[in-house]
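Since the structure comes first, as structure tokens, the remarks are kept for the end.
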Amino acid sequence: MSRTDIAYAILEVLDLDSITASRDVVTQTCATYRAHPKLSFVDCYLASQAAQVSATPLFTFDHVLINQLLGVQFVAVVGNKLNT
């Protein structure tokens, strides 16, 4: 399946009455997932959820995610401390 097909299928599932999820977050996740083929769906969801609740910048160790999206910042571990 293509990323577009996967995103479409997820949006179709979201329309089921038995599914409870933030439509805004999942819609943004699907758009990001289609636009950034190097990112996993989970990474796209994490970034969309962070943006939805104004939890930005999103701190991560994931270099691929950092290089693909705005509002994502690397966290370095130096000794026992996190540096942002």
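Count Lys and Arg as plus one, Asp and Glu as minus one, and take only other residues whose Cβ is under 14 Å from that of Gln68; the net charge is then +1. May I ask which residue of Thr4, Leu69, Val42 lies farthest towards the positive end of the charge dipole of the chain, with charges of +1 (Lys, Arg) and -1 (Asp, Glu) on Cβ and the Cα centre as origin? Value computed over the given set: Leu69.
Near the amide H of Leu58, within less than 5 Å, lie the amide hydrogens of Val72, Gln73, all on another chain or at least 5 residues away, with H placed in the peptide plane.
Evaluating 6.51 cos²θ - 1.76 cosθ + 1.60 at θ = phi - 60° for every residue in region 59-74, the Karplus couplings come out as 8, 7, 9, 7, 5, 5, 4, 4, 6, 9, 10, 6, x, 10, 10, 6 Hz, glycine and proline recorded as x. Taking Ala21, Ala35, Ala51 in turn, the Gaussian network model of the chain (Cα-Cα springs below 10 Å) assigns the largest fluctuation to Ala21. Mean silhouette area of the chain, derived from the convex hull of its C-alpha atoms and averaged over all directions, reads 6.4 nm². Entry note, the chain: relative contact order of 19 percent, from Cα contacts under 8 Å with a spacing of 6+ residues.
Quick check for me: using +1 on Lys/Arg Cβ and -1 on Asp/Glu Cβ, what's the dipole size of the chain about its Cα centre, in debye to the nearest 20?
Values: 5 positive and 7 negative charges, 77 e Å.
For the chain, the charge dipole is close to 360 debye.
Using the rule -39500 (n - 2.57) for each DSSP H run of four or more residues, divided by the residues of the chain, the 222 nm mean residue ellipticity is -15500 deg cm²/dmol. Placing dummy labels 7 Å off each Cα toward the beta-carbon, the span from Gln52 to Val75 is 2.1 nm.
All of the numbers you see were taken from the coordinates with simple rules; none came from a lab. As the structure is a prediction and not an experimental result, all values here were calculated from the model. Because the Cβ atoms are built from the backbone with ideal geometry, glycine has one as well, and the counts that use them run over all protein chains shown.
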